[in-house]
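Colleague: Pasting in a structure now, in structure tokens, and then I'll have a few things to ask.
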Amino acid sequence: MARRPEHVADLPNLGWRRSNMPHHTLGYRATHKVFTGISLAIVAVLAFVGTFAAATYADISKTIDDGKVPVIKQGTSGKSAEEANKLIDPYANQAIDILLIGQDTRDGGGNTAIGGDDAYTQNLHNSDTVLIMQISADRKTINLVSLPRDLMVDTPSCQTTNGEIPAQYSVQFNSIFANAYSIGGDVASAASCTLNAVNYMSGMDITNFMVIDFAGLVKMIDAIGGVDICLPTDMVDSYTNLNLKRGMNHLDGATATQYARTRHATGTDGSDTMRTTRQQYLIKKIISTALSKNYFTQTSELYQLAKAGLESVQMSASLADAMTLAGLGMSLKDFDMTHLYSQTIPVVPWTQDANRSQLADGAEAVWEKLRNHQPLVDQTDSSSKDSGSDNSNGSDNSGDTNSGDTTDNSGDTNSSTNGSADGSTSDGSTYNAQTGVTTLADGTLIDKETGGIIDPETGAIRDSATGQFIGLANRYIEVTYCGVK
């Protein structure tokens, strides 16, 4: 389960026997099911391209160099250590794969303020948020795929700074980072072993990563003046002290981080897969907010964003170069947010514990698209799709081009209505291009891009086959509950 289809004999260095239960490691000790920040340094890069002046180069370059982390060569990687740590050429017309890792650590006052200071959480370094970011070769599309923290996986052996960790069966995904940090004693070990596990289950060959913590995400969001988040229901959570009302909410860094990490708030089901959909929404809002800034009149604000992001992130050596990041940012400066596609990898409840998950059959279709550097959403006119089409990609639909409308809706709180349906069929279903939703004759809401079923009260999209959460119908939520055009 949850691994590539090689026979057991082909799995390198399997030093752990197969077990019917997960190996309980550091990753299981923390009872807080926390979101620890998303590696959003790419946001700073996007926003900073117009302010990269010689006067600030030395400052930024040193900040980046301080966060440089080497990638430890793994046996399953097809690249040598030298290749893995070679600087990326942003002009090479090649797709770039980056593993984004949110680290749960209580080191420092900023992290303690968000995550708490319980004694049993001290000195822990967990990974509660992992996403694959894939930037296309032509820089016109970006894929974001979330991997749930409670996903049960098999993982090959991995090299750390202080030796090898044997291969393991049926371990919770987020424990890989924690164990590697405990044994290797550094982020290089933790991130490299996590990257190794992702490559094994996906068949990819990712060599780049970014790691960020609580405090880093808070600083980056505050640097852009906060973000606007539309909520279809009130959200109250005693665990995080979150108390938000239905409608459009302007969130500062601390509140936005709590919004993304909560599992117990009203309007949620407590699952990690539903939480990943909010994290995807937050990423999109942060990037769209950063891109909406004027590069010339808001130079100081954008510089602070870049500095906050780069101070907060640790990145693989192949990314950690000022001119490389500036070049990548420049190549993305005209990026159209409607071509940022996100989803959670398809999962189903684990056969041995329904509170955890395992990869669903549909996961392989997603891996194949990533391996082939294809957009998660098929690049066809969605209005021609059958409303009950099979959900083969499960991507989130926020901002997707259903009707040729590429207007950025982030933060727009006008009082427009839902708009009229743009088409009907003989079976009684109607399609609304403004929301990207097809309403079947029985009232069921279908996300046009994915074929997933939308919960009208929460806007959450469920896979039509597995019933698991795969995204948020952001356009539907913002139009219906916040009057966004």
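The values are calculated or read from the model by the stated rules, or taken from the named source; none is laboratory data. Every value quoted in this text rests on a predicted model; they were computed, and no experiment measured them. With ideal geometry, Cβ positions are generated from the backbone for all residues, glycine too; neighbour counts draw on all protein chains shown. These accessible areas exclude ligands, DNA and RNA; they are computed on the full protein's heavy atoms, side chains included. Shrake-Rupley method; radii C 1.70, N 1.55, O 1.52, S 1.80 Å.
Colleague: Taking all protein chains in place and a 1.4 Å probe, what share, in percent, of the accessible surface of region 423-482 do carbon and sulfur account for?
Modeller: Summing carbon and sulfur atoms, their accessible area is 49 percent of the total for region 423-482.
Colleague: Using the reciprocal of the averaged 1/r over all distinct C-alpha pairs, how large is the Kirkwood radius of region 423-482 in Å?
Modeller: Mean inverse Cα-Cα distance, inverted, gives 11.5 Å.
Colleague: In whole Hz, what ³J(HN,Hα) sequence does region 216-232 give by Karplus (6.51, -1.76, 1.60; θ = phi - 60°), x for Gly and Pro?
Modeller: x, 5, 4, 5, 5, 5, 5, 5, 9, x, x, 9, 9, 10, 8, 10, x
Colleague: To the nearest 0.05, what FRET efficiency results for Arg371 and Leu440 with a Förster distance of 30 Å applied to their C-beta separation?
Modeller: Efficiency, rounded to the nearest 0.05: 0.30.
Colleague: I would also like to ask the following. Just the number, please: percent antiparallel of the DSSP beta bridges in region 423-482, rounded to the nearest 5.
Modeller: Around 100 percent of the beta bridges assigned by DSSP in region 423-482 are antiparallel ones.
Colleague: Might you work out the accessible area of Glu449 for me, using a 1.4 Å probe with all protein chains in place, and round it to the nearest 10 Å²?
Modeller: 10
Colleague: Using a Förster radius of 35 Å, what is the FRET efficiency between Ser424 and Ala354 based on their Cβ-Cβ separation? Nearest 0.05, please.
Modeller: 0.30
Colleague: Mind checking the full-extension length gain between Glu83 and Asp234? Use 0.36 nm per residue of separation minus the Cα-Cα distance, one decimal, nm.
Modeller: Taking Glu83 through Asp234 to full extension adds about 49.5 nm, to one decimal.
Colleague: Test of understanding: what is the full-extension gain from Asp222 to Lys333, defined as 0.36 nm times their sequence separation minus their Cα-Cα distance?
Modeller: 37.8 nm
Colleague: I've got another one for you. Estimate the FRET efficiency between Glu457 and Lys245 by the formula 1/(1 + (r/R0)^6), using the beta-carbon distance for r and 22 Å for R0, to the nearest 0.05.
Modeller: Working from the Cβ atoms, E equals 0.90.
Colleague: Something else: Using θ = phi - 60° and the Karplus curve 6.51 cos²θ - 1.76 cosθ + 1.60, what whole-Hz ³J(HN,Hα) does each residue of region 357-372 get, with Gly and Pro shown as x?
Modeller: 10, 9, 4, 8, 4, x, 5, 4, 5, 6, 4, 4, 5, 5, 4, 8
Colleague: Express the carbon and sulfur contribution to the solvent-accessible surface of region 312-379 as a percent, rounded to the nearest whole number, probe 1.4 angstrom.
Modeller: That share works out to 46 percent.
Colleague: Further question on the same structure: Would you list Thr435, Thr466, Thr425 from the most to the least accessible area, probe 1.4 Å?
Modeller: From most accessible down to least: Thr425, Thr466, Thr435.
Colleague: Looking only at Cα atoms, what is the convex hull volume of region 140-206 per residue, in Å³?
Modeller: 88
Colleague: Enter the accessible area per residue of region 423-482 (Å², integer; probe 1.4 Å; all protein chains in place).
Modeller: Counting only protein heavy atoms, the per-residue value for region 423-482 is 34 Å².
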